[in-house]
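Every number in this text was worked out from the coordinates using simple rules, so none of it is lab data. The model shown is predicted, which means the values in this text are computed figures rather than measured ones. No Cβ is skipped: glycine too gets one built from the backbone with ideal geometry, and neighbour counts run over all protein chains shown.
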Amino acid sequence: MNRRNFIGFGVLAMATLPATLSALSTIDFRKTKPDAWTAHTVPDAIKALYGDIKPEESGVTVKAPKVASNGGAIPVTVKSDLVAKSVAVFQDANPEATVCVFSCDKDSIIDYMFKIKMKKSGTITAILEGADGKFYKGAMTLEVALGGCEG
């Protein structure tokens, strides 16, 4: 690629950047829902984030090893084919229950992979806020052989 093309593409990218950033409508859940991040139980965290909901126990898949050899880095996958507004992940092994919350749009592919820390065996729960206004739930219980928090 010659220098003119490179500079031209750079200028084009810089010109479209503000429009791209304004199209992203993410919510800062830590600022808008602070009680969800300090809740000690999964039901309290879900209530602080979404209110009183009754999620359907379908539509969301949570995968992790059945036995985690190290609680300090447990690989977790959350998948769904549904169109979502947000996806939240919770666990019941640590003092604070909320792990993460993802903002989604109609074009989002719900196939998240990340690592979490759990100090003991417990359950990982994912709640999907559907674009249809309904809530969906997936959960998985796992054993932790070596704790991730000082274990």
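Each peptide in 85-92, 66-73, 115-122 was scored by the mean count of other Cβ atoms within 10 Å over its residues; highest first, the order is 85-92, 115-122, 66-73. Cross-link pairs exceeding 28 Å between alpha carbons, from the set LYS33/LYS66; LYS85/LYS119; LYS33/LYS117; LYS31/LYS66: LYS33/LYS66; LYS85/LYS119; LYS31/LYS66. Counting only aspartates and glutamates at least 8 places from LYS63 when in the same chain, those with an alpha carbon closer than 14 Å to its own are ASP111, GLU143.
Mean separation of Cα pairs under 8 Å and 6+ residues apart, divided by the residue count of segment 27-144: what relative contact order is that in percent? Mind showing how you got there, number by number?
On the way: 283 pairs, mean separation 36.6, N = 118.
Rounded, it is 31 percent for segment 27-144.
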